[in-house]
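Have a look at the structure below, then the notes.
The values are calculated or read from the model by the stated rules, or taken from the named source; none is laboratory data. The structure presented is a predicted model; accordingly, all values stated were derived computationally and were not measured. Counting neighbours? That spans all protein chains shown, and the Cβs are built from the backbone with ideal geometry, glycine included.
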Amino acid sequence: MSRSFYISTYGCQMNEYDSERIGAFFTAMGFSQADSPEDADYCLINTCSVREKPQHKVGSELGRLKQLRGKNPELKIGVCGCVAQQEGENLIKSFPQTDFVLGTDAVGRLQEAVSLVEKGEKVCFTEMDSGELTLPGFERETGPSAFVTIMKGCDNFCSYCIVPYVRGREKSRDVSEILDEISYLTDKGAREITLLGQNVNSYGKNLEEKIDFPQLLTKVSEIEGVKRLRFVTSHPKDFSHELVEAVKDIDVVCESLHLPLQAGSDSVLKRMNRKYTYGEYRDKVLAAKEQIPGLALSSDFIVGFPGETDEDFRRTIDSLEEIRYDTLFAFNYSVRPGTGAERFEDDVPLSVKKMRLAELLDVQRRISMENSTRFEGESVEVMVEGASKRDAKHFTGRNRQNRVVNFKSDRDLKPGDFVMVYIDEAKPNSLHGRVR
């Protein structure tokens, strides 16, 4: 009787990519993927520690799995990802139901961990790999969209961020390895590729081959089958004119850019150790919007960072009005153990953080709606992601600006098809239309 596995994934796209790698390793060992934790022999939690809330979910999830083990004593429980790297053996001490812990560089040791767990041992692999970044190709099913990691780690050490401590320093993946994986994915039917890294703008700096990120975009665009190309995440201090030119000139690169600002106040940005001023950031993104027709911008913001005054927050609101993002991701500040900001007094009351966050999101909701209206009465290219389960003539997909598009069509469409959709109605976070 074959054994099965189940993975719960929290956090960023890189965690989703790592979960696909983990699934491939399990499949190679003869496991099948279960539909739920209740049906699995091995349950893994792929964790995120960038914010406090996702980290707290780990304890809750482990509590639920402990209850499952009461019904299935043979159930094996593992934790991987950033919390695993951060906490290590403390996870096993705090949650004895945990059988194994795999840090961010230990995904490739899964088979070894399973072998030891089968012998009754507790396992904790959290050593950081000091060598080159190598991610061998792996078998996986893919839909029309696929993620590909091109680098890992970060050298910026923003004062609030735990990534350099749990993902390590910046390492770029060999160009040929990246191109081979993308060719494999397009052969399997992928049409849209998203390149992943904590700071993709720094790609290539540690490689012997002289190549930078815009040059990598060019090489990927030449692979037959790549119809759309996206990337996340970019750091503003490394955002270059050459990258703007690449987005403008390479047809398959989508007019969509995620560039985290985090705050509109220079004093807050300085305490965050972001290494740029608001003016420098603004000039870069407004120049990019001018040079790239239809460019959609998204960003990240932290509200209530230590020392943030009412005036600082007003500057953040002003930045939204000036730059006019299409979408953003915003969170209340929460201290991350081991970061530089841990020594700062968290002096913004939670009630104030919540009020500021609510105001920021309200302002952005209005701007998103105003930005959306530019699509009304226009036809946009949409890559089909799927059909409605309730109505075979209703479909969903995304345009090049990464907006969700819900639309009607009398044609028989399948995921990965490209269609032109006439937009009848715009909403803050989605567009609605029909295939003419």
Inset, instruction - Of the numbered conditions (1) free of Cβ contacts under 8 Å to residues at least 60 places away in the same chain; (2) in contact with a strand residue (DSSP E or B) (Cβ under 9 Å, 6 or more places away or on another chain), GLY30 fails exactly one; give the number of that condition. - result: (2)
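Just checking, does the stretch 318-341 include any residue being hydrophobic (A, V, I, L, M, F, W, C) and over 30 Å from ARG228 (Cβ atoms)?
The initial filter retains those residues of the stretch 318-341 that are hydrophobic (A, V, I, L, M, F, W, C), namely 320, 323, 328-331, 335, 341.
Still in the list and also over 30 Å from ARG228 (Cβ atoms): 335, 341.
Yes, the stretch 318-341 contains at least one residue that is hydrophobic (A, V, I, L, M, F, W, C) and over 30 Å from ARG228 (Cβ atoms).
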Inset, instruction - Scan the stretch 124-141 for residues that are surrounded by 15 or more Cβ atoms within 10 Å (Cβ to Cβ) and either under 23 Å from GLY88 (Cβ atoms) or under 17 Å from the mean Cα position of the chain (by Cα) (or both) and jot them down. - result: CYS124, PHE125, THR126, MET128, ASP129, LEU133, LEU135
Legend entry - Among (1) in contact with a helix residue (DSSP H, G or I) (Cβ under 7 Å, 6 or more places away or on another chain); (2) basic (Lys, Arg); (3) assigned by TED's automatic domain parsing to the domain that holds PRO428, the one test that LYS389 misses: (1)
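Just wondering, is there one or more residues in the stretch 272-279 that are modelled with pLDDT of 95 or more and either over 15 Å from PRO236 (Cβ atoms) or assigned by TED's automatic domain parsing to the domain that holds GLU381 (or both)? It would help to see each step written out before you state the result.
Of the residues in the stretch 272-279, the ones modelled with pLDDT of 95 or more are 272-279.
Add one more test, that the residue is either over 15 Å from PRO236 (Cβ atoms) or assigned by TED's automatic domain parsing to the domain that holds GLU381 (or both), and what stays is none.
No, the conditions are met nowhere in the stretch 272-279.
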Inset, instruction - Would you mind listing the strands (runs of 3 or more DSSP E) fully within the stretch 289-396 where at least 1 residues are farther than 21 Å from ALA426 by Cα and among the aromatic types (Phe, Trp, Tyr)? - result: 296-303, 327-332
